[in-house]
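Take a look at the structure set out below.
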């Protein structure tokens with residue numbers, strides 16, 4: 001049995017997150033986010049920096065001054081090429097299978113999109129079916145990282161009937177309240 005492609009989750013997470021980023025106002029830049037200690041401006045920049053690295057890892061050119069939407073689009077265009085998910089790529093956590101790098105990028109886009117949405121009070125229209133596969137992937141990935149080396153706060157609880165994006169956020173250390 002083959003593992004489903006992570007591309008639909010990445011496409012969805014980047015699309016929703018780009019929508020959220022596009023409505024951030026200058027007055028919201030200094031708001032705190034659930035991803036402490038970053039404010040909206042710093043987290044938005046981190047997201048661009050991360051996607052510049054993912055885009056470069058898959059061999060696409062970057063200029064260093066591009067928007068999240070542009071970088072995500074370039075990454076997705078690169079991943080649409082035949083064989084793009086074969087082999088390995090170098091990402092900040094090391095050399096990983098290309099499919100794993102895509103899953104990591106999807107998780108990063110989704111959870112930081114959630115962080116930004118929470119900070120600006122703009123709910124993100126994340127679709128459960130497209131975000132749900134990222135929860136077990138993240139759980140498995142976190143199990144391989146020693147707690148003292150985890151880039152995340154300890155997992156938090158989420159309501160049992162919480163949407164997949166809230167479950168993912170809680171797993172990655174964010175406090176989630178019932179909607």
Please report 137, 152, 126 as a ranked list, fewest other C-beta atoms within 10 angstrom at the top and most at the bottom.
152, 137, 126
Relative to the present Cα-Cα distance, how much length would full extension add between residue 153 and residue 5 at 0.36 nm per residue of separation?
50.5 nm
Taking only the Cα positions of the chain, the convex hull volume per residue in Å³ is 119 Å³
Taking R0 as 22 Å, what FRET efficiency do you get between residue 142 and residue 32 from their Cβ-Cβ distance, rounded to the nearest 0.05?
0.40
Mind ranking 71-79, 89-97, 8-16 by how tightly packed they are, going by the mean number of other C-beta atoms within 10 angstrom, highest first?
8-16, 71-79, 89-97
How much length, in nm to one decimal, is gained on full extension between residue 53 and residue 90, taken as 0.36 nm per residue of separation minus their Cα-Cα distance?
12.4 nm
The relative contact order of the chain, taking Cα pairs under 8 Å that sit 6 or more residues apart, comes to a percentage of 26 percent
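Each reported figure results from applying straightforward, stated rules to the coordinates on display, with no laboratory input. All values derive from a computational prediction rather than experimental measurement. When we count neighbours, we look across all protein chains shown, and the Cβ atoms used for this are built from the backbone with ideal geometry, even at glycine.
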